[in-house]
Amino acid sequence: MSTTSGFASSADLGEKTVSFDEIGEGLYAYTAQGDPNSGVIVGDDAVMVIDAQATPAMAGDVIARVRSVTDKPIRYLLLTHYHAVRVLGAPAYGADEIIASDLTRAMIEERGQEDKASEIGRFPRLFRGADTISGLTWPTMTFQSEMSVWLGRREVRLQHLGRAHTMGDVSAWVPDANVVFAGDLVEAGATPYCGDAHLADWPGTLDKLSDFGALAMVPGRGPALTSPEAAREAVEGTRGYVQDLLAVARDCVAAGRTLQQTFTQAREALSPKYGHWVIFDHCLPFNVSRAFDEASGIQHPRIWTDARDREMWAALNG
């Protein structure tokens with residue numbers, strides 16, 4: 001077991017190289033070597049940005065990339081889910097509408113402030129320019145299961161396919177190019193964060209996402225997936241991690257093991273296959289804690305606070 005006294009991410013201070021790749025006509029992936037991704041959809045008369053980055057200062061780089069390919073206004077900002085690292089940069093875009101699922105808005109009401117404090121404490125490098133954050137990000141438009149946004153003649157179909165990374169995850173599908181922006185439903189060579197997850201539901205949600213047969217995909221973390229084969233590989237990798245994590249937790253709970261014992265067993269079971277993935281060590285304690293809760297019958301994820309984060313980390317890594 002690690003003897004790290006702080007979060008695994010506390011020593012991760014190096015800046016990542018940003019890529020801005022066109023993956024379809026007018027469709028772009030903003031990626032940064034495993035840091036949170038954003039997406040850009042250029043339509044006939046407007047632009048939609050998908051996931052805002054963690055601070056207005058960091059959003060400025062996404063905006064600069066947009067301006068390098070179009071002068072059309074950024075009218076829409078989509079939040080694929082509510083985690084601070086994805087949404088707190090929203091004010092920088094000056095979008096007409098900030099869109100999310102109704103369940104994501106409910107998460108903001110329930111735990112937005114706690115999430116903000118805990119995420120900044122966990123991974124400060126991802127909140128460069130934190131002093132530019134003005135407060136929580138609130139959607140101006142929500143939907144239950146599906147809606148279409150039209151950028152002129154270009155349709156962007158937004159869908160809540162089911163619970164997974166959070167209860168409110170949304171994907172964005174561009175039918176004319178068959179490209180999917182998956183948010184943290186899918187990761188590519190990066191460890192899924194499962195602290196607010198519904199692990200048993202996640203594989204079924206991925207099944208629905210796979211039904212698109214996307215020609216390209218932007219995952220929540222990792223490189224742009226520019227072929228159907230790469231997209232399928234990332235979906236199956238995410239599915240495998242989630243299923244393996246929950247299986248360990250269920251076995252340990254059934255055997256009466258403690259959370260700490262479950263953490264040790266999960267590390268031993270998951271490291272050979274997934275240990276090389278980005279943020280594996282950072283995510284594991286939070287992921288095991290949530291999996292242990294779900295296997296114990298706690299269906300609604302408990303709220304993470306800065307205090308709970310550090311108490312859990314100390315207990316498992318002491």
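The values are calculated or read from the model by the stated rules, or taken from the named source; none is laboratory data. From a predicted model like this one, the values you see are computed outputs, not experimental measurements. Methodologically, a virtual Cβ is constructed for each residue, glycine included, from the backbone with ideal geometry; neighbour enumeration extends over all protein chains shown.
Data for the structure
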{"read-out": "Residue tally, condition among the small types (Gly, Ala, Ser) and surrounded by 15 or more Cβ atoms within 10 Å (Cβ to Cβ), over segment 263-291", "value": "4"}
{"read-out": "Qualifying position, being loosely packed, with under 15 Cβ neighbours inside 10 Å, modelled with pLDDT of 95 or more and at positive phi, among Gly256, Gly240", "value": "Gly256"}
{"read-out": "Residue match in segment 243-250 (condition: over 21 Å from the mean Cα position of the chain (by Cα) and surrounded by fewer than 20 Cβ atoms within 10 Å (Cβ to Cβ))", "value": "yes"}
{"read-out": "All positions within segment 234-245 that are over 19 Å from Tyr28 (Cα atoms) and touching a residue at least 24 places away in the same chain (Cβ under 8 Å)", "value": "Val235, Gly237, Thr238, Arg239, Gly240, Tyr241, Val242, Gln243, Asp244, Leu245"}
{"read-out": "Hits in segment 77-122 - residues which are part of a loop (DSSP other than H, G, I, E, B) and surrounded by fewer than 20 Cβ atoms within 10 Å (Cβ to Cβ)", "value": "Gly94, Asp96"}
{"read-out": "In segment 43-73, the residues that are buried (at least 20 other Cβ atoms within 10 Å of the Cβ) and touching a residue at least 60 places away in the same chain (Cβ under 8 Å)", "value": "Gly43, Ala46, Val47, Met48, Ile50, Asp51, Ala52, Ala54, Thr55, Pro56, Met58"}
{"read-out": "Sole exception among (1) over 20 Å from Gly43 (Cα atoms); (2) under 16 Å from the mean Cα position of the chain (by Cα) for Phe143, by number", "value": "(2)"}
{"read-out": "Residue match in segment 204-212 (condition: touching a Gly at 6+ places or on another chain (Cβ under 6 Å), aromatic (Phe, Trp, Tyr), at pLDDT 95 or above and over 29 Å from Val248 (Cα atoms))", "value": "no"}
{"read-out": "Residue that is basic (Lys, Arg) and either touching a strand residue (DSSP E or B) at 6+ places or on another chain (Cβ under 9 Å) or within 23 Å of Ala59 (Cα to Cα) (or both), where the choices are Arg157, Arg163", "value": "Arg157"}
{"read-out": "Test result for Gly94, farther than 28 Å from Pro285 by Cβ and touching a residue at least 60 places away in the same chain (Cβ under 8 Å)", "value": "no"}
{"read-out": "Selection from segment 1-39 of residues that are closer than 14 Å to Ile50 by Cα and either part of a strand (DSSP E or B) or at pLDDT below 95 (or both)", "value": "Phe20, Leu27, Tyr28, Ala29, Tyr30, Thr31, Pro36, Asn37, Ser38, Gly39"}
{"read-out": "Flag if Arg128 is closer than 26 Å to Asp21 by Cβ, in contact with a Ser or Thr (Cβ under 7 Å, 6 or more places away or on another chain) and surrounded by fewer than 21 Cβ atoms within 10 Å (Cβ to Cβ)", "value": "yes"}
{"read-out": "Residue in segment 292-310 that is among the small types (Gly, Ala, Ser), outside any helix (DSSP H, G or I), surrounded by fewer than 15 Cβ atoms within 10 Å (Cβ to Cβ) and free of Cβ contacts under 8 Å to residues at least 40 places away in the same chain present", "value": "yes"}
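For (1) out of contact with any strand residue (DSSP E or B) (no Cβ under 8 Å at 6 or more places or on another chain); (2) in contact (Cβ under 8 Å) with a residue 24 or more places away in the chain; (3) among the β-branched types (Val, Ile, Thr), each residue gets a yes or a no:
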site: Ser271; (1), (2), (3): yes, no, no
site: Trp277; (1), (2), (3): no, yes, no
site: Ser289; (1), (2), (3): yes, yes, no
site: Leu316; (1), (2), (3): yes, yes, no
